[in-house]
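*Asks:* Input: one structure, supplied below.
The values are calculated or read from the model by the stated rules, or taken from the named source; none is laboratory data. This is a predicted model, so every value here is computed, not measured. Cβ atoms come from the backbone with ideal geometry, glycine included; neighbour counts cover every protein chain shown. Just the protein is used for accessible areas: all its heavy atoms, side chains included, with ligands, DNA and RNA removed. Shrake-Rupley method; radii C 1.70, N 1.55, O 1.52, S 1.80 Å.
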Amino acid sequence: MNQRTCLSVILAAGEGTRMKSALPKVLHQIAGLPMVAHVVKAAEAAGASGVALVIGHGADEMRKTAAKFAPEAETFVQEKRLGTAHAVIAARAAISKGYDDVLVMFGDTPLIDAQALATARRKLAEGAAVAVIGFRPPNPAGYGRLIEQAGRLVAIREEKDCSEAEKKIGFCNAGMMAVAGAHALKLLDAVGNKNAKGEYYLTDIVEIAGAQGLDVVATEASFENALGINNRAELAQAEAIWQQRRRHEAMLSGVTLIAPETVYFSHDTEIGADTIVEPNVWFGPGVMVASGAKIHAFSHIEGATIASNCDVGPFARLRPGADLRNKAKVGNFCEVKQAVIEEGAKVNHLTYIGDARVGAGANIGAGTITCNYDGYSKFFTDIGEGAFIGSNSSLVAPVTIGNGGYIASGSVITETVPDDALAFGRARQKTIPGKGKELRERFASAAAAKKKAAGADH
Ligand code: UD1
Ligand code: MG
């Protein structure tokens, strides 16, 4: 089968009014990736080398998203929504290039897995002209019913066109199918629109192919594979299923999730074996975690790279460009953005490190802030190996702290600190014996006098 070429035609011209959104439906995201991009990924995983995206509503935004997430996809505009067969024909130019298999898919069915598609393609390799992906939903209402006779698929009847007896059939059309490229356009062009909705139904090609003596079969996929998204409740349902699948996969690949149902992954999260993730951790897009790391509870991580044996959180925020090298530590209420924390360096408490390098083995005291922004531009802070930054220091960028530099607590550092130097950036302490007591007495008698004066007013 691998030698057979395959085009995936993804239908995504619909508006998706039930999403109640300014954004086209298929651009809503699951695990940080637009659902149409999930569909493209599944098609490619099933061996599609060509992708034709049929768009209509929100065409400009759709093109932009396609360029970003699926640059290999060619877009075709379906000017009027006249039905699923009409939509597939919008990609005529791609289909007529002569692929062996044409996989028709829906942009709003993001959980379809490559396996279900590959099964349908295998039927074509075995000689079928059309292989329809069927499923058994808990409630079949609204779906097209698969009408089989003697193990062959003879028709798909849309609910609105079904007889009472046909409505009782539980085996339904998931919407997707594989069609032999040699027959595809001929079958599609023969579809008419004499049905309850007056649309050109893709599903009609089943009867048309049967009438021509071609072999038509149905395969069966799980309900999840066919879950179509029409509103935000279904979007959340699909997200939940996706997350559940991903957590399971992570655990089977050697990641410990103490409370898996509270950990959220993105479509591209990479996480190594023997990493432990505590409850309530969120991985946004672009995160790579190596093996043996500990991600403590309530950490929020995106666009970050975390090397082996790092320790992150609890309550850490790693933003894009955070690059933690081997054994680095970023502790509670710390934020790191666009900064390298080199091997074994520690940023443990209440700190902001942005646009910076923290050298290997450096220790950043509680409350340290890199002042990287003047309201207009961002500047870099370079902290050398083994430096020690005393608590509550402000490092005003651009600034360099040399290797082994030592910063006194509470400093505001604006100038270069050479290697192994000690820098104070604060006023020297002044201590006046007895002055505390004197002040206290003065304040107490002033308060008493005020109270007395207030009483006299009554
Ligand atoms: C379709 C199937 C039905 C199946 C169901 C599964 C047909 C005729 N019916 O019905 O048997 O059980 O899916 O969910 O195929 N689209 C276009 N242009 C159009 C029409 C549709 O791009 O002119 C796109 C939609 O955006 C959507 C997909 O095609 O992504 C399916 O269209 P939809 O109207 O949802 O079809 P259903 O009535 O759900
Ligand atoms: Mg639908």
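*Asks:* Note the full-extension length gain between residue 270 and residue 421 as 0.36 nm times their separation in residues minus their Cα-Cα distance, in nm to one decimal.
*Replies:* On the way: separation 151, 0.36 × 151 = 54.36 nm, distance 4.07 nm.
Length difference between fully extended and current span is 50.3 nm.
*Asks:* Shifting gears a bit: Please calculate how many Å² of accessible area the chain carries per residue, with a 1.4 Å probe and no DNA, RNA or ligand atoms counted. The partial results should precede the final answer.
*Replies:* On the way: 21590 Å² over 458 residues.
Using a 1.4 Å probe on heavy atoms only, each residue of the chain averages 47 Å².
*Asks:* Right, next: Quick one: net charge of residue 67's neighbours, Cβ under 13 Å, K/R +1, D/E -1?
*Replies:* Numbers: positive: 63, 64, 68; negative: 60, 61, 72, 74.
Net charge in that neighbourhood comes out at -1.
*Asks:* Which of rounded, prolate, oblate describes the stretch 178-328, given a ≥ b ≥ c as roots of the alpha-carbon gyration tensor eigenvalues and a/c under 1.5 marking rounded, otherwise prolate only if a/b is larger than b/c? List each step's numbers first, then the result.
*Replies:* Values: a/c = 3.41, a/b = 2.98, b/c = 1.14.
Here the stretch 178-328 falls in the prolate category.
*Asks:* Taking 0.36 nm per residue of separation and subtracting the Cα-Cα distance, what length does fully extending residue 282 through residue 248 add?
*Replies:* The residue 282-residue 248 span can extend by a further 10.6 nm.
*Asks:* Can you tell me the 0 to 90 degree angle between the C-alpha axis of helix 435-456 and the longest principal axis of the chain, rounded to 10?
*Replies:* Orientation of helix 435-456: about 80 degrees from the principal axis.
*Asks:* If you don't mind, there's one more thing I want to ask. Quick one: compute the contact order of the stretch 6-220, relative version, from alpha carbon pairs under 8 angstrom and 6+ residues apart, as a percent. Each step should come with its number before you reach the end.
*Replies:* On the way: 438 pairs, mean separation 50.5, N = 215.
Result for the stretch 6-220 is 23 percent.
*Asks:* Ok, one more. Taking a virtual spin label 7 Å from the Cα of residue 93 along the C-beta vector, which residues in the stretch 170-191 bring their backbone nitrogen under 18 Å of it?
*Replies:* Flagged as within label range: 185.
*Asks:* Here's something else I'd like to know. Would you work out the relative contact order for the stretch 232-423, in percent, from Cα pairs under 8 angstrom that are 6 or more residues apart? Intermediate values should be presented prior to the final figure.
*Replies:* Details: 628 pairs, mean separation 18.3, N = 192.
Relative contact order here is 10 percent.
*Asks:* Moving to a separate point now. What 222 nm value per residue comes from the helices of the chain, counting each DSSP H run with n ≥ 4 as -39,500 (n - 2.57) and dividing by all residues, nearest 500 deg cm²/dmol? Numbers along the way, then the final one.
*Replies:* Numbers: 10 runs with 107 residues, N = 458.
-7000 deg cm²/dmol, from helical runs alone.
*Asks:* Then there is this: With a 1.4 Å probe and all protein chains kept in place, how much accessible area does residue 432 have, in Å² rounded to the nearest 10?
*Replies:* 90
*Asks:* Over all directions, average the projected area of the Cα convex hull of the chain and note it in nm². Numbers along the way, then the final one.
*Replies:* Details: hull surface 140.7 nm².
The Cα convex hull of the chain, projected and averaged over all directions, gives 35.2 nm².
*Asks:* Next question. Keeping every protein chain in place, order 318, 252 by accessible area at 1.4 Å, biggest value first, i.e. largest first. Could the numbers behind the result be given before it?
*Replies:* Numbers: 318 0, 252 135 Å².
Sorted by accessible area, descending: 252, 318.
*Asks:* Now for a different question. Put one equal scatterer on each alpha carbon of the stretch 232-423, apply the Debye formula with no solvent term, and list log10 I(q)/I(0) at q = 0.15, 0.18 1/Å to two decimals.
*Replies:* Ignoring solvent entirely, the Cα scatterers give -0.81, -1.05.
*Asks:* When the solvent-accessible surface of protein heavy atoms is calculated with a 1.4 angstrom probe, in what order do 442, 247, 18 fall, highest first? Intermediate values should be presented prior to the final figure.
*Replies:* Numbers: 442 125, 247 25, 18 150 Å².
Descending order: 18, 442, 247.
*Asks:* If you don't mind, there's one more thing I want to ask. What is the ratio of the Cα radius of gyration of the stretch 328-401 to 2.2 N^0.38 Å, where N is its residue count, to two decimals? Before the final figure, lay out each step's value.
*Replies:* Working: Rg = 10.8 Å, N = 74, 2.2 N^0.38 = 11.3 Å.
Relative to the 2.2 N^0.38 Å estimate, the stretch 328-401 comes out at 0.95.
*Asks:* Considering only DSSP beta bridges with both partners in the chain, what is the antiparallel share in %, to the nearest 5? Don't jump to the answer; show the numbers that get you there.
*Replies:* Numbers: 18 of 95 bridges.
Around 20 percent of the beta bridges assigned by DSSP in the chain are antiparallel ones.
*Asks:* I've got another one for you. Please list 246, 81 in order of solvent-accessible area, largest first, computed with a 1.4 Å probe with all protein chains present. Please list the in-between numbers first.
*Replies:* Values: 246 35, 81 160 Å².
Greatest to least solvent exposure: 81, 246.
*Asks:* Could you list the GluC sites (Glu not before Pro) in the stretch 15-67 that lie in coil according to DSSP, counting only those with at most 15 other Cβ atoms within 10 Å of their Cβ?
*Replies:* Numbers: sites: 15, 44, 61; in loops: 15.
Here the GluC sites (Glu not before Pro) that fit, given the DSSP loop and packing criteria, are 15.
*Asks:* With every protein chain left in place and a probe of 1.4 Å, what is the accessible surface of residue 333, to the nearest 10 Å²?
*Replies:* Only protein atoms counted, so the area is about 120 Å².
*Asks:* So, one more: In debye, nearest 20, what is the charge dipole magnitude of the chain about its Cα centre with +1 on Lys and Arg Cβ and -1 on Asp and Glu Cβ, if you could check? Let's see the in-between values first.
*Replies:* Details: 49 positive and 49 negative charges, 331 e Å.
Charge dipole of the chain: 1600 debye, to the nearest 20.
*Asks:* Can you give the relative contact order of the chain as a percent, counting alpha carbon pairs under 8 Å and 6+ residues apart? If you can, show how the numbers build up before the last one.
*Replies:* Details: 1160 pairs, mean separation 38.5, N = 458.
Computed over the chain, the figure is 8 percent.
*Asks:* Moving on to the next point. How far apart, in nanometres, would the label points at residue 233 and residue 79 be if each is projected 7 angstrom from Cα along the Cα-to-Cβ direction?
*Replies:* 3.9
*Asks:* Let me ask you something else. Divide, for the stretch 13-161, the radius of gyration over alpha carbons by 2.2 N^0.38 Å, where N is the residue count. Numbers along the way, then the final one.
*Replies:* Values: Rg = 15.9 Å, N = 149, 2.2 N^0.38 = 14.7 Å.
With N residues counted in the stretch 13-161, Rg over 2.2 N^0.38 Å equals 1.08.
*Asks:* May I pose another question? Please go through the stretch 371-412 and write out the chymotrypsin sites (Phe, Trp or Tyr not before Pro) that DSSP classes as loop and that have at most 12 other C-beta atoms within 10 Å. Could the numbers behind the result be given before it?
*Replies:* Numbers: sites: 373, 376, 379, 380, 388, 406; in loops: 376, 379, 380.
Those satisfying the criteria are 376.
*Asks:* Within 12 Å, Cβ to Cβ, of residue 386, how many net charges do the neighbouring residues add up to if Lys/Arg are +1 and Asp/Glu are -1? Please report the intermediate quantities before stating the final value.
*Replies:* Values: positive: 346; negative: 342, 343, 385, 419, 420.
Summing Lys/Arg as +1 and Asp/Glu as -1 gives -4.
*Asks:* Starting from the Cα of residue 20, draw a straight line to each of the lysines and keep only those under 28 Å, dropping any in the same chain fewer than 8 residues away.
*Replies:* 41, 64, 68, 80, 160, 197
*Asks:* Can you compute the modelled spin-label distance between residue 374 and residue 291, with each label point 7 Å from Cα toward Cβ, in nm?
*Replies:* Between residue 374 and residue 291, the label points sit 4.8 nm apart.
*Asks:* Based on alpha-carbon atoms only, what is the radius of gyration of the stretch 1-82 relative to the globular estimate 2.2 N^0.38 Å?
*Replies:* On the way: Rg = 12.9 Å, N = 82, 2.2 N^0.38 = 11.7 Å.
Output field value: 1.09.
*Asks:* Using a cut-off of 15 Å between beta-carbons, work out the net charge of the residues near residue 244 (Lys and Arg +1, Asp and Glu -1, residue 244 not included).
*Replies:* That sum, taken over residues with Cβ under 15 Å, equals -2.
*Asks:* Starting from the Cα of residue 182, step 7 Å toward the Cβ, then list every residue of the stretch 90-127 with an amide N under 13 Å from that point.
*Replies:* Inside the label zone: 99-101, 124-127.
*Asks:* Separate question: I need the calculated FRET efficiency for the pair residue 211 and residue 409, taking r as the beta carbon distance and R₀ as 56 Å, to the nearest 0.05. Intermediate results must be reported in sequence, preceding the final value.
*Replies:* Numbers: r = 86 Å, r/R0 = 1.54.
That pair, residue 211 with residue 409, gives E of 0.05.
*Asks:* For residue 67 and residue 220, calculate 0.36 nm times their separation in residues minus their Cα-Cα distance, and state this gained length in nm to one decimal.
*Replies:* That works out to 51.8 nm of additional length.
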